[in-house]
Amino acid sequence: MDSFWDWFWVLVAWFFFFAFLMVLFSIFADIFRDHEMGGWGKALWVVLLIFLPVLGSLIYLVARGKGMAERSAKQAQAAQAAQVAYIQSVAGTASSPADQVARAKQLLDAGTINQQEFEQMKAKALA
């Protein structure tokens with residue numbers, strides 16, 4: 001490795017190697033994310049990807065590539081919905097003004113807030 005071009009081609013080779021690893025890990029994640037595929041199907045794909053990784057990756061991407069994107073999008077939407085629900089539960093905010101007023105009424109009934117604070121929360125929710 002005496003010349004610039006030797007180093008350049010080594011760098012290019014490493015780039016493609018890491019890109020291939022990223023594709024391979026994405027495929028493995030998709031295999032185990034798919035709830036419609038049975039255990040034997042998953043096992044066969046894993047064996048194919050371990051023993052013939054390049055050919056197995058190409059076959060998987062052609063055969064199941066569209067579903068791969070759909071499953072990934074569905075998982076992202078589920079994660080986002082769970083995050084929003086968690087944030088609302090931690091912050092104590094409700095999704096609708098009626099829910100916010102009901103929550104304020106619960107706090108008033110429990111003695112956590114007084115009537116003036118209840119009226120402020122009610123006005124804020126209905127605004």
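The values are calculated or read from the model by the stated rules, or taken from the named source; none is laboratory data. This is a predicted model, so every value here is computed, not measured. Virtual Cβ from ideal backbone geometry, glycine too; neighbours counted across all protein chains shown.
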Original post:
Is it the case that the stretch 47-68 has a residue that's within 22 Å of the chain's Cα centre (by Cα), in a helix (DSSP H, G or I) and among the hydrophobic types (A, V, I, L, M, F, W, C)?
Top reply: yes
**OP:** Would you mind stating whether A94 is at pLDDT below 95 and either part of a helix (DSSP H, G or I) or closer than 20 Å to L21 by Cβ (or both)?
**Re:** no
Original post:
Is it the case that some residue within the stretch 95-102 is among the polar types (S, T, N, Q) and in contact (Cβ under 8 Å) with a residue 12 or more places away in the chain?
Top reply: yes
Original post:
What about L52, is it surrounded by 12 or more Cβ atoms within 10 Å (Cβ to Cβ) and either within 20 Å of A76 (Cα to Cα) or modelled with pLDDT under 95 (or both)?
Top reply: no
Subject >> Condition check for V10: without any contact (Cβ under 8 Å) to a residue 60 or more places away in the chain and either exposed (fewer than 11 other Cβ atoms within 10 Å of the Cβ) or farther than 23 Å from Q75 by Cβ (or both) >> reply: yes
